[in-house]
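Down below is the structure, laid out as structure tokens.
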Protein chains: 2
Amino acid sequence: METFFSFLEKRVADCSSLLCVGLDPHVTDLPRPTAEAALEFCLDLVRQTAAYAAAFKPNAAFFEQFGAEGWKALKQVIDAVQEQSQRLGSRIPVILDAKRGDIASTAEAYARSAFAGLGAHAITLSPYLGKDSIAPFLADPEKGVFLLCKTSNPGAADLQDLPVNATGEPLYVAVARLAQSWNSGNNIGLVVGATQPEAMARIREVAPELWFLAPGVGAQGGDLETALMSGLRRDGKGLLFPVSRGISQQDDPAGAAARLRDRIIDIQYQMTKSGH
Amino acid sequence: METFFSFLEKRVADCSSLLCVGLDPHVTDLPRPTAEAALEFCLDLVRQTAAYAAAFKPNAAFFEQFGAEGWKALKQVIDAVQEQSQRLGSRIPVILDAKRGDIASTAEAYARSAFAGLGAHAITLSPYLGKDSIAPFLADPEKGVFLLCKTSNPGAADLQDLPVNATGEPLYVAVARLAQSWNSGNNIGLVVGATQPEAMARIREVAPELWFLAPGVGAQGGDLETALMSGLRRDGKGLLFPVSRGISQQDDPAGAAARLRDRIIDIQYQMTKSGH
């Protein structure tokens, strides 16, 4: 049976890429602050980078800011990824970056919205409300979840670094343990900022099998090589690097995506050669 | 200067109510599963209960499930509350129950969406990403935030009850302390389930000034009297009880809201008499 992560791994193999292209139509990056401009921006980016994208990640906030029109644009962007999948003969997963998290009956409505409504294949969620708030998103193993674990922003330390339990391990390690124990359907991953390689290595220890969505490479200063050394699974997979402005704001987004894809391959090759 | 909570307190005084009417158009409660039916359901509820509502709380999930049309309905529902405010001559705050939480530049887009776009006055947020993820929502003191602290669902225990720091206090107490320390603009409150009065009393100790949004009365089995004894501030305010199906699914929603409002007043009167 296909699960979300077997689907993702098929795509990773097809395009030899661990790159996740972020679709974040910031108002300041658009020629006009309208839903139409956001749509055009994203459709162009999808067209240019699809061949190098292991996944696409639209962030709901940048569509919601345009109200109902923005929501319509979000659905059209996700549809456009499906069109590229058909053109390339290889299905590309769409991860809706929404960071939702609510009690069960409400979570069901969010799951319906993301999966049935918008057609996304996975979603980012907050772990703060616990397992029953995640369960409705896991019910279909072909749909996946990335749980916030250790994020790349400065405020992450406020809660995520608090020492918990008798061991005094940071909260984010406890979250990683929980996620690993909940992953009976092979459809839970974690959000682990690439900006903190030591934390990433620690999370990899307690969650050896999980995929990490690792933002922070490029714009936020995270180093690709260190992140790969800290977070890659033994099978050379398990890390997905979302990059948005690092691609969309380049003169040649397609070239920027291709170069990033190739740089990751190159580092992986060097790592294999040196016995990592 | 008006802050979100001085605005709320004015409304509480005007209607002698601590009731927050939840606007949750569950598909199963609608005659048809459409955005139009959701809109009609909410407009009727707003009209019937406005006189008794200290605030209204639409939950974003139940609108998002209808896509762009649902988003349009959500805006119309919030507009309808403003119309009732004018009719009654007393402004009624709208708390958007969205439980968002993202890094700063994304949080800015969510804040724009909730406040400038939809016209809400406050929003529920997850604390998991820390202070910088909350800051964009606090920038305007007239707009407010309710941070998830101790929720009313069974899975709440997974993270929120973990013992943290040297003291081993539960995570939710640490969150309450942080919120109290971040509340320089009088616009942070907490979400504290009415189903766990002991936790509520503990949170009241460390956050003596904050407003609590306390779901769980009615449908989820929380007891109104115990909650009032555990969570009320010394000034007899500080607790807001969101109720949705306990009102919307009654034969006479207006009557149900009025009775709930009056029951709260009655318990408060008894408490004052007995010296609480």
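The values are calculated or read from the model by the stated rules, or taken from the named source; none is laboratory data. Note that the structure is predicted; figures quoted are calculated from it, not measured. For neighbour counting, all protein chains shown are included, and Cβ atoms are generated from backbone atoms with ideal geometry for every residue, glycine included. Surface accessibility is based on the protein's heavy atoms, side chains included, excluding ligands, DNA and RNA. Shrake-Rupley method; radii C 1.70, N 1.55, O 1.52, S 1.80 Å.
Side notes on the structure shown:
- With respect to being among the β-branched types (Val, Ile, Thr), on the phi < 0 side of the Ramachandran plot, open to solvent by less than 70 Å² (accessible area, probe 1.4 Å) and touching a strand residue (DSSP E or B) at 6+ places or on another chain (Cβ under 7 Å), A:ILE247 fits the description.
- Only one of the listed residues (B:PRO253, B:PRO242, B:PRO208) is in contact (Cβ under 8 Å) with a residue 12 or more places away in the chain and crowded, with 20+ Cβ neighbours inside 10 Å. That residue is B:PRO242.
- The criterion of at least 2 residues that are touching a helix residue (DSSP H, G or I) at 6+ places or on another chain (Cβ under 8 Å), aromatic (Phe, Trp, Tyr) and under 15 Å from A:PRO127 (Cβ atoms) is met by the following helices (runs of 4 or more DSSP H) wholly inside segment A:159-245: A:171-182.
- Scan of segment B:93-124 for residues that are within 11 Å of B:ILE188 (Cα to Cα) and touching a Lys or Arg at 6+ places or on another chain (Cβ under 6 Å), ordered by number: B:THR124
- If you go through segment B:220-231 and keep only what is open to solvent by less than 30 Å² (accessible area, probe 1.4 Å) and aliphatic (A, V, I, L, M), you end up with B:LEU224, B:ALA227, B:LEU228.
- Residue within segment A:16-33 that is over 25 Å from B:PHE137 (Cβ atoms) and within 14 Å of another protein chain (Cβ to nearest Cβ) present: no
- Residue in segment A:168-183 that is within 19 Å of A:GLY231 (Cβ to Cβ) and at pLDDT below 95 present: no
- Residue check for A:LYS99: open to solvent by 10 Å² or more (accessible area, probe 1.4 Å), under 18 Å from the mean Cα position of the chain (by Cα), of a type outside the set (Phe, Trp, Tyr) and more than 7 Å from chain B (Cβ to nearest Cβ): no
- Matching entry among B:LEU39, B:LEU45 (being in contact (Cβ under 8 Å) with a residue 24 or more places away in the chain, surrounded by fewer than 24 Cβ atoms within 10 Å (Cβ to Cβ) and more than 30 Å from A:VAL191 (Cα to Cα)): B:LEU39
- So B:PRO25, is it under 19 Å from B:ALA257 (Cβ atoms), buried (at least 19 other Cβ atoms within 10 Å of the Cβ) and touching an Asp or Glu at 6+ places or on another chain (Cβ under 8 Å): no
- Identity of the residue in segment B:52-85, more than 22 Å from A:TYR110 (Cα to Cα) and in contact (Cβ under 8 Å) with a residue 40 or more places away in the chain, that ends up nearest to the chain's Cα centre (by Cα): B:ALA55
- Selection from segment B:131-154 of residues that are open to solvent by 10 Å² or more (accessible area, probe 1.4 Å), small (Gly, Ala, Ser) and either within 10 Å of another protein chain (Cβ to nearest Cβ) or in contact (Cβ under 8 Å) with a residue 40 or more places away in the chain (or both): B:ALA135, B:SER152
- So A:ALA50, is it over 12 Å from A:ASP24 (Cα atoms), of a type in the set (A, V, I, L, M) and either open to solvent by less than 20 Å² (accessible area, probe 1.4 Å) or touching a Gly at 6+ places or on another chain (Cβ under 8 Å) (or both): yes
- Exclusive hit being away from chain B (no Cβ under 12 Å) and among the acidic types (Asp, Glu), set A:GLU108, A:GLU83, A:GLU69: A:GLU83
- Hits in segment A:51-62 - residues which are under 25 Å from B:GLY117 (Cβ atoms) and either basic (Lys, Arg) or more than 9 Å from chain B (Cβ to nearest Cβ) (or both): A:PHE56, A:LYS57, A:PRO58
- Selection from segment A:4-48 of residues that are within 16 Å of the chain's Cα centre (by Cα), of a type outside the set (Phe, Trp, Tyr) and more than 19 Å from A:GLN268 (Cα to Cα): A:SER6, A:VAL21, A:GLY22, A:LEU23, A:ASP24, A:VAL46
- Candidate set from segment B:257-268 (those that are open to solvent by 10 Å² or more (accessible area, probe 1.4 Å) and of a type in the set (A, V, I, L, M)); member that is farthest from the chain's Cα centre (by Cα): B:ILE267
- Residue in segment A:165-187 that is within 23 Å of A:PHE63 (Cα to Cα) and within 13 Å of chain B (Cβ to nearest Cβ) present: no
- Single condition A:ALA166 does not satisfy, out of (1) crowded, with 22+ Cβ neighbours inside 10 Å; (2) farther than 21 Å from B:GLU108 by Cα: (1)
- Every residue from segment A:1-10 that is open to solvent by 10 Å² or more (accessible area, probe 1.4 Å) and within 16 Å of A:PHE241 (Cβ to Cβ): A:GLU9
- Within segment B:86-96, the only residue that satisfies the criterion of being among the charged types (D, E, K, R) and under 18 Å from the mean Cα position of the chain (by Cα) is B:ARG91.
- For segment A:181-190, the set of residues classified as open to solvent by less than 10 Å² (accessible area, probe 1.4 Å) and within 13 Å of A:CYS149 (Cβ to Cβ) consists of A:ILE188, A:GLY189, A:LEU190, listed by residue number.
- Residues of segment A:104-130 classified as in contact (Cβ under 8 Å) with a residue 40 or more places away in the chain and open to solvent by 10 Å² or more (accessible area, probe 1.4 Å), total: 3
- When B:LEU74, B:LEU118 are checked against the criterion of being touching a helix residue (DSSP H, G or I) at 6+ places or on another chain (Cβ under 6 Å), more than 8 Å from chain A (Cβ to nearest Cβ) and closer than 25 Å to A:PHE137 by Cβ, B:LEU74 stands alone in meeting it.
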